[in-house]
Amino acid sequence: MYGWIWRHLPGNVIVRALISLVLVAGVVFLLFQYVFPWAEPMLPFNDVTVDGAAGAAGGAEGAASAGTGIVA
Amino acid sequence: MTLRAVVRSFSELCITIGVLIVLFVVYVLYWTGMRADNAADGEIERLQDQWADAPLEGGAGDEAGAGDADSGAGQGDGAGQEAGSGDEGQAGGSAATPGTPPGPRAYQDGKSFAVMYIPRFGRDWSRPVLQNTGEQTLRKGLGHYSRTAGLGQKGNFAVAGHRRTYGDPFKDFPQLRSGDPVVVTDGATWYTYTITKRPYRTLPSDTGVLNSVPSPLDKGVAPFSKPGRYLTLTTCDPEWGSSHRLIAWAHLDATQPVSAGKPDALTR
(Lines give C-alpha, C1' and ligand atoms only; values in the text may rest on other atoms or scores of the structure.)
Protein backbone atom coordinates (compact mmCIF):
# COMPACT_ATOMS: atom_id res chain seq x y z
CA MET A 1 0.00 0.00 0.00
CA TYR A 2 2.64 2.49 1.04
CA GLY A 3 4.85 1.39 -1.84
CA TRP A 4 1.98 1.90 -4.23
CA ILE A 5 1.36 5.43 -2.92
CA TRP A 6 5.05 6.24 -3.13
CA ARG A 7 5.22 5.08 -6.73
CA HIS A 8 2.27 7.22 -7.70
CA LEU A 9 3.53 10.43 -6.16
CA PRO A 10 4.96 12.87 -8.68
CA GLY A 11 8.38 14.45 -8.63
CA ASN A 12 11.74 13.37 -7.38
CA VAL A 13 12.55 11.85 -4.00
CA ILE A 14 12.56 15.15 -2.12
CA VAL A 15 9.24 16.27 -3.53
CA ARG A 16 7.74 12.88 -2.79
CA ALA A 17 9.00 12.99 0.77
CA LEU A 18 7.46 16.43 1.29
CA ILE A 19 4.14 15.32 -0.16
CA SER A 20 4.25 12.25 2.08
CA LEU A 21 4.75 14.43 5.14
CA VAL A 22 1.79 16.58 4.16
CA LEU A 23 -0.32 13.46 3.66
CA VAL A 24 0.70 12.07 7.05
CA ALA A 25 -0.08 15.39 8.73
CA GLY A 26 -3.48 15.46 7.05
CA VAL A 27 -4.31 11.96 8.21
CA VAL A 28 -3.24 12.73 11.78
CA PHE A 29 -5.34 15.89 11.75
CA LEU A 30 -8.40 14.00 10.54
CA LEU A 31 -7.86 11.35 13.22
CA PHE A 32 -7.51 13.85 16.07
CA GLN A 33 -10.28 16.11 14.87
CA TYR A 34 -12.94 13.63 13.88
CA VAL A 35 -12.15 9.95 14.32
CA PHE A 36 -10.78 9.89 17.87
CA PRO A 37 -13.43 12.18 19.38
CA TRP A 38 -15.98 9.84 17.89
CA ALA A 39 -14.27 6.68 19.14
CA GLU A 40 -13.24 7.87 22.59
CA PRO A 41 -16.70 7.84 24.24
CA MET A 42 -16.89 4.12 23.56
CA LEU A 43 -14.16 3.58 26.12
CA PRO A 44 -15.16 3.13 29.73
CA PHE A 45 -13.40 6.05 31.43
CA ASN A 46 -15.95 8.43 30.07
CA ASP A 47 -18.92 7.53 32.22
CA VAL A 48 -18.93 9.91 35.09
CA THR A 49 -22.64 10.32 35.70
CA VAL A 50 -24.83 8.17 37.81
CA ASP A 51 -26.52 5.76 35.42
CA GLY A 52 -25.29 7.31 32.20
CA ALA A 53 -28.72 8.15 30.91
CA ALA A 54 -28.43 11.57 32.42
CA GLY A 55 -26.81 13.07 29.39
CA ALA A 56 -29.71 12.16 27.19
CA ALA A 57 -32.32 13.09 29.70
CA GLY A 58 -30.50 16.15 30.92
CA GLY A 59 -32.02 18.51 28.45
CA ALA A 60 -35.56 19.70 28.15
CA GLU A 61 -37.25 17.41 30.58
CA GLY A 62 -34.55 16.83 33.07
CA ALA A 63 -37.11 16.55 35.78
CA ALA A 64 -39.03 13.83 34.02
CA SER A 65 -37.92 10.62 35.61
CA ALA A 66 -36.15 9.23 38.59
CA GLY A 67 -34.51 6.75 36.26
CA THR A 68 -31.91 9.14 34.94
CA GLY A 69 -28.56 8.66 36.38
CA ILE A 70 -25.27 9.69 37.83
CA VAL A 71 -22.44 10.75 35.57
CA ALA A 72 -18.95 9.53 36.41
CA MET B 1 5.08 -13.40 -5.95
CA THR B 2 1.57 -13.26 -4.56
CA LEU B 3 2.74 -14.67 -1.23
CA ARG B 4 5.21 -11.85 -1.09
CA ALA B 5 2.43 -9.32 -1.68
CA VAL B 6 0.24 -10.89 1.01
CA VAL B 7 3.03 -10.87 3.58
CA ARG B 8 3.93 -7.29 2.75
CA SER B 9 0.34 -6.10 2.96
CA PHE B 10 -0.15 -7.88 6.27
CA SER B 11 2.99 -6.28 7.69
CA GLU B 12 1.92 -2.84 6.57
CA LEU B 13 -1.47 -3.39 8.13
CA CYS B 14 0.08 -4.38 11.46
CA ILE B 15 2.34 -1.34 11.45
CA THR B 16 -0.57 0.93 10.58
CA ILE B 17 -2.69 -0.43 13.41
CA GLY B 18 0.20 -0.07 15.82
CA VAL B 19 0.74 3.55 14.86
CA LEU B 20 -3.01 4.20 15.16
CA ILE B 21 -3.07 2.79 18.68
CA VAL B 22 -0.10 4.89 19.75
CA LEU B 23 -1.72 7.99 18.28
CA PHE B 24 -4.96 7.20 20.08
CA VAL B 25 -3.18 6.85 23.41
CA VAL B 26 -1.48 10.19 22.82
CA TYR B 27 -4.87 11.66 22.00
CA VAL B 28 -6.54 10.31 25.14
CA LEU B 29 -3.71 11.06 27.55
CA TYR B 30 -2.55 14.44 26.32
CA TRP B 31 -4.65 15.91 23.61
CA THR B 32 -8.01 15.71 25.42
CA GLY B 33 -6.35 17.28 28.45
CA MET B 34 -4.93 20.17 26.48
CA ARG B 35 -8.20 20.76 24.71
CA ALA B 36 -10.17 20.57 27.95
CA ASP B 37 -7.81 22.92 29.80
CA ASN B 38 -8.14 25.41 26.98
CA ALA B 39 -11.89 25.06 26.92
CA ALA B 40 -12.13 25.41 30.69
CA ASP B 41 -9.95 28.51 30.71
CA GLY B 42 -12.01 29.94 27.89
CA GLU B 43 -15.26 29.28 29.74
CA ILE B 44 -13.96 30.86 32.94
CA GLU B 45 -12.72 33.89 31.01
CA ARG B 46 -16.05 34.20 29.25
CA LEU B 47 -17.89 34.01 32.57
CA GLN B 48 -15.68 36.65 34.14
CA ASP B 49 -16.20 38.97 31.18
CA GLN B 50 -19.91 38.39 31.39
CA TRP B 51 -19.95 39.07 35.13
CA ALA B 52 -17.88 42.20 34.68
CA ASP B 53 -20.20 43.48 31.96
CA ALA B 54 -23.47 42.72 33.62
CA PRO B 55 -23.35 42.21 37.36
CA LEU B 56 -26.00 39.77 38.46
CA GLU B 57 -29.12 41.29 39.84
CA GLY B 58 -30.99 39.71 42.65
CA GLY B 59 -27.79 38.67 44.32
CA ALA B 60 -28.77 40.38 47.53
CA GLY B 61 -32.08 38.64 47.77
CA ASP B 62 -30.51 35.31 47.11
CA GLU B 63 -27.92 35.79 49.78
CA ALA B 64 -30.57 36.65 52.27
CA GLY B 65 -32.25 33.38 51.47
CA ALA B 66 -29.08 31.37 51.58
CA GLY B 67 -27.89 32.94 54.76
CA ASP B 68 -29.88 30.55 56.88
CA ALA B 69 -28.25 27.61 55.17
CA ASP B 70 -26.79 25.67 58.02
CA SER B 71 -29.11 26.73 60.78
CA GLY B 72 -32.66 26.88 59.64
CA ALA B 73 -32.49 25.19 56.28
CA GLY B 74 -35.53 23.22 55.41
CA GLN B 75 -37.64 23.84 58.45
CA GLY B 76 -40.57 25.05 56.46
CA ASP B 77 -40.18 23.25 53.16
CA GLY B 78 -39.45 19.79 54.39
CA ALA B 79 -42.44 17.99 53.03
CA GLY B 80 -42.26 19.47 49.56
CA GLN B 81 -38.58 18.76 49.17
CA GLU B 82 -38.80 15.19 50.25
CA ALA B 83 -41.64 14.33 47.95
CA GLY B 84 -40.27 16.33 45.06
CA SER B 85 -36.80 14.84 44.97
CA GLY B 86 -35.49 17.68 42.92
CA ASP B 87 -38.10 17.67 40.22
CA GLU B 88 -39.24 21.12 41.12
CA GLY B 89 -38.76 22.70 37.78
CA GLN B 90 -35.30 24.06 38.41
CA ALA B 91 -34.12 22.02 35.48
CA GLY B 92 -32.51 24.39 33.09
CA GLY B 93 -33.79 27.25 35.16
CA SER B 94 -36.61 27.39 32.69
CA ALA B 95 -39.67 27.18 34.81
CA ALA B 96 -39.78 29.33 37.87
CA THR B 97 -42.89 27.86 39.38
CA PRO B 98 -44.98 30.24 41.41
CA GLY B 99 -43.76 30.39 44.95
CA THR B 100 -40.29 29.15 44.07
CA PRO B 101 -37.88 32.02 43.75
CA PRO B 102 -35.97 31.74 40.47
CA GLY B 103 -32.28 31.09 40.56
CA PRO B 104 -29.88 34.01 40.40
CA ARG B 105 -29.84 33.60 36.66
CA ALA B 106 -31.51 31.04 34.43
CA TYR B 107 -29.04 28.37 33.44
CA GLN B 108 -28.70 27.92 29.70
CA ASP B 109 -28.31 24.36 28.54
CA GLY B 110 -24.70 23.53 27.80
CA LYS B 111 -23.45 26.92 28.98
CA SER B 112 -21.25 27.63 31.96
CA PHE B 113 -22.78 29.54 34.84
CA ALA B 114 -20.39 29.13 37.76
CA VAL B 115 -16.80 28.44 38.70
CA MET B 116 -15.85 25.82 41.26
CA TYR B 117 -12.75 25.88 43.45
CA ILE B 118 -11.59 22.90 45.51
CA PRO B 119 -8.43 23.76 47.45
CA ARG B 120 -7.85 20.06 48.19
CA PHE B 121 -7.15 19.52 44.49
CA GLY B 122 -4.61 22.32 44.43
CA ARG B 123 -4.52 26.03 45.18
CA ASP B 124 -5.05 26.96 41.56
CA TRP B 125 -7.62 24.27 40.80
CA SER B 126 -10.69 25.83 39.27
CA ARG B 127 -13.21 24.56 36.76
CA PRO B 128 -16.26 25.99 35.09
CA VAL B 129 -19.61 24.40 35.87
CA LEU B 130 -21.86 23.95 32.85
CA GLN B 131 -25.51 23.13 32.58
CA ASN B 132 -26.26 19.44 31.82
CA THR B 133 -24.08 16.36 31.92
CA GLY B 134 -23.81 15.57 28.22
CA GLU B 135 -20.69 14.22 26.62
CA GLN B 136 -19.87 17.51 24.90
CA THR B 137 -20.50 19.50 28.04
CA LEU B 138 -18.18 17.42 30.19
CA ARG B 139 -15.40 17.99 27.68
CA LYS B 140 -15.32 21.63 28.71
CA GLY B 141 -15.65 21.36 32.46
CA LEU B 142 -17.93 20.05 35.17
CA GLY B 143 -21.57 19.31 34.42
CA HIS B 144 -24.54 20.25 36.56
CA TYR B 145 -27.28 17.60 36.58
CA SER B 146 -30.05 19.69 35.05
CA ARG B 147 -32.80 18.13 37.14
CA THR B 148 -31.14 18.92 40.45
CA ALA B 149 -31.38 22.15 42.41
CA GLY B 150 -29.60 25.33 41.40
CA LEU B 151 -26.46 26.64 43.02
CA GLY B 152 -27.10 27.65 46.61
CA GLN B 153 -30.77 26.74 46.35
CA LYS B 154 -32.61 24.46 48.72
CA GLY B 155 -32.14 20.90 47.57
CA ASN B 156 -29.17 19.17 46.05
CA PHE B 157 -26.85 20.93 43.61
CA ALA B 158 -25.27 17.94 41.85
CA VAL B 159 -22.19 18.14 39.64
CA ALA B 160 -20.36 15.50 37.60
CA GLY B 161 -16.79 15.58 36.36
CA HIS B 162 -14.25 13.43 34.58
CA ARG B 163 -11.84 11.51 36.75
CA ARG B 164 -9.43 10.90 33.89
CA THR B 165 -9.00 12.38 30.42
CA TYR B 166 -10.27 15.81 29.45
CA GLY B 167 -7.99 17.56 31.88
CA ASP B 168 -8.45 15.06 34.73
CA PRO B 169 -10.61 17.48 36.75
CA PHE B 170 -11.53 14.99 39.48
CA LYS B 171 -8.31 12.97 39.47
CA ASP B 172 -7.74 13.44 43.21
CA PHE B 173 -11.35 12.79 44.14
CA PRO B 174 -10.55 10.02 46.67
CA GLN B 175 -8.45 12.49 48.66
CA LEU B 176 -11.49 14.53 49.64
CA ARG B 177 -12.04 14.46 53.39
CA SER B 178 -14.60 15.64 55.84
CA GLY B 179 -14.29 19.40 56.33
CA ASP B 180 -12.77 20.16 52.92
CA PRO B 181 -14.24 23.31 51.46
CA VAL B 182 -15.78 23.39 47.99
CA VAL B 183 -16.23 26.97 46.88
CA VAL B 184 -18.51 27.90 44.01
CA THR B 185 -19.27 31.34 42.64
CA ASP B 186 -21.92 32.46 40.19
CA GLY B 187 -20.48 35.93 39.82
CA ALA B 188 -22.62 37.49 42.52
CA THR B 189 -22.08 35.26 45.51
CA TRP B 190 -19.43 32.95 46.91
CA TYR B 191 -20.95 29.71 48.16
CA THR B 192 -18.76 27.73 50.52
CA TYR B 193 -19.79 24.11 50.87
CA THR B 194 -18.13 21.71 53.29
CA ILE B 195 -17.55 18.05 52.50
CA THR B 196 -19.25 15.81 55.03
CA LYS B 197 -17.18 12.64 54.75
CA ARG B 198 -14.88 10.58 52.57
CA PRO B 199 -16.15 9.78 49.07
CA TYR B 200 -18.68 6.99 48.91
CA ARG B 201 -18.21 4.27 46.29
CA THR B 202 -21.38 3.04 44.67
CA LEU B 203 -22.92 1.60 41.55
CA PRO B 204 -23.77 3.68 38.48
CA SER B 205 -27.46 2.95 39.03
CA ASP B 206 -27.49 4.50 42.49
CA THR B 207 -29.36 7.62 41.41
CA GLY B 208 -30.73 8.26 44.88
CA VAL B 209 -27.48 10.03 45.70
CA LEU B 210 -28.77 12.98 43.68
CA ASN B 211 -32.02 13.37 45.61
CA SER B 212 -32.73 16.59 47.46
CA VAL B 213 -32.00 14.65 50.58
CA PRO B 214 -29.47 12.14 49.23
CA SER B 215 -30.67 8.58 49.71
CA PRO B 216 -27.95 6.16 48.57
CA LEU B 217 -28.56 2.44 48.21
CA ASP B 218 -26.47 1.90 51.32
CA LYS B 219 -28.69 3.65 53.86
CA GLY B 220 -25.89 3.64 56.38
CA VAL B 221 -23.90 6.25 54.49
CA ALA B 222 -26.78 8.69 53.97
CA PRO B 223 -25.13 11.99 54.86
CA PHE B 224 -28.14 14.10 55.76
CA SER B 225 -31.40 13.41 57.49
CA LYS B 226 -33.35 16.57 56.74
CA PRO B 227 -33.69 18.89 53.76
CA GLY B 228 -31.11 21.58 53.30
CA ARG B 229 -28.78 23.17 50.78
CA TYR B 230 -26.50 20.40 49.63
CA LEU B 231 -23.86 19.72 47.00
CA THR B 232 -23.14 16.36 45.39
CA LEU B 233 -20.06 15.60 43.33
CA THR B 234 -19.87 12.46 41.19
CA THR B 235 -17.09 10.87 39.17
CA CYS B 236 -16.12 7.42 38.01
CA ASP B 237 -14.27 4.69 39.81
CA PRO B 238 -11.85 3.03 39.24
CA GLU B 239 -9.81 5.79 37.72
CA TRP B 240 -9.86 4.41 34.19
CA GLY B 241 -12.98 2.32 34.53
CA SER B 242 -16.68 2.79 34.76
CA SER B 243 -17.90 -0.06 36.90
CA HIS B 244 -18.52 2.19 39.91
CA ARG B 245 -19.01 5.81 40.87
CA LEU B 246 -17.52 7.92 43.60
CA ILE B 247 -19.83 10.32 45.38
CA ALA B 248 -18.98 13.17 47.71
CA TRP B 249 -21.53 15.24 49.59
CA ALA B 250 -21.23 18.68 51.05
CA HIS B 251 -23.53 21.12 52.77
CA LEU B 252 -23.67 24.87 52.36
CA ASP B 253 -21.79 26.51 55.17
CA ALA B 254 -21.48 30.14 54.26
CA THR B 255 -22.25 32.62 51.54
CA GLN B 256 -20.86 36.04 50.94
CA PRO B 257 -21.27 38.56 48.16
CA VAL B 258 -18.49 38.73 45.64
CA SER B 259 -17.94 42.34 46.64
CA ALA B 260 -16.81 41.10 50.06
CA GLY B 261 -13.82 39.35 48.50
CA LYS B 262 -12.80 35.74 48.36
CA PRO B 263 -13.91 33.48 51.17
CA ASP B 264 -11.37 32.37 53.74
CA ALA B 265 -11.27 28.88 52.30
CA LEU B 266 -9.53 30.20 49.18
CA THR B 267 -7.11 32.60 50.82
CA ARG B 268 -5.80 30.27 53.48
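The values are calculated or read from the model by the stated rules, or taken from the named source; none is laboratory data. Quantities reported herein were computed from a predicted structural model and do not represent experimental measurements. So basically every Cβ, Gly included, is an ideal-geometry build from the backbone, and we count neighbours across all protein chains shown. These accessible areas exclude ligands, DNA and RNA; they are computed on the full protein's heavy atoms, side chains included. Shrake-Rupley method; radii C 1.70, N 1.55, O 1.52, S 1.80 Å.
For the chain pair A and B, the interface hides roughly 3000 square angstrom of accessible area in total, found with a 1.4 Å probe. Annotation: amide H of B:THR189 within the under-5 Å range of B:VAL258, sequence separation 5 or more or interchain, hydrogens built in the peptide plane.
Here A:LEU18 sits with roughly 100 square angstrom of accessible surface, probe radius 1.4 Å. Here the range B:139-209 and the range A:1-39 have alpha carbon centers that stand 44 Å from each other. Cross-link candidates for B:LYS171: which lysines have Cα within less than 19 Å, leaving aside residues fewer than 8 places away along the same chain? B:LYS171 reaches B:LYS140, B:LYS197. The H on the amide N of A:VAL50, modeled in the peptide plane, is under 5 Å from the matching H of A:ILE70, A:VAL71, A:ALA72, each at least 5 residues off or on a different chain.
Which order do you get for A:ASP47, B:ASP206 if you rank them by accessible area with a 1.4 Å probe, largest at the top? List each step's numbers first, then the result.
On the way: A:ASP47 60, B:ASP206 0 Å².
Correct descending sequence by accessible area is A:ASP47, B:ASP206.
Phi-derived couplings, Karplus 6.51 cos²θ - 1.76 cosθ + 1.60 at θ = phi - 60°, listed residue by residue for the range B:28-36: 5, 6, 10, 5, 4, x, 5, 4, 5 Hz, with x used for Gly and Pro. Here the Karplus relation 6.51 cos²θ - 1.76 cosθ + 1.60, evaluated at θ = phi - 60°, turns the backbone of the range B:255-262 into coupling constants of 10, 8, x, 4, 5, 7, x, 5 Hz, with x for every Gly and Pro.
The amide H of B:TYR145, built 1.01 Å from its N in the peptide plane, has B:ALA158, B:VAL159, B:ALA160 as neighbours under 5 Å, considering only residues 5 or more places off or on other chains.
Suppose accessible area is computed on protein heavy atoms with a 1.4 Å probe; arrange A:MET42, B:MET34 from highest to lowest. If you can, show how the numbers build up before the last one.
Details: A:MET42 130, B:MET34 105 Å².
From most accessible down to least: A:MET42, B:MET34.
Could you sort the residues of the range B:1-28 by number and keep only those whose accessible area is reduced by 30 Å² or more in the all-protein-chain setting relative to the chain alone, 1.4 Å probe? At a threshold of 30 Å² (probe 1.4 Å), the residues of the range B:1-28 that become less exposed are B:GLU12, B:THR16, B:LEU20, B:LEU23, B:PHE24, B:TYR27.
Per-atom-type breakdown for the range B:134-268 gives carbon and sulfur 49% of the accessible area (1.4 Å probe, protein chains only).
Restricting the chymotrypsin sites (Phe, Trp or Tyr not before Pro) of the range B:119-173 to loop positions (DSSP other than H, G, I, E, B) with no more than 16 neighbouring Cβ atoms within 10 Å leaves B:TRP125. Counting charges near B:GLU239 (Lys, Arg +1; Asp, Glu -1) among other residues having Cβ under 14 Å from its Cβ returns a value of +1.
Shielding of peptide B:159-165 by partners, expressed as the average count of other chain Cβ atoms within 10 Å per residue Cβ, is 5.
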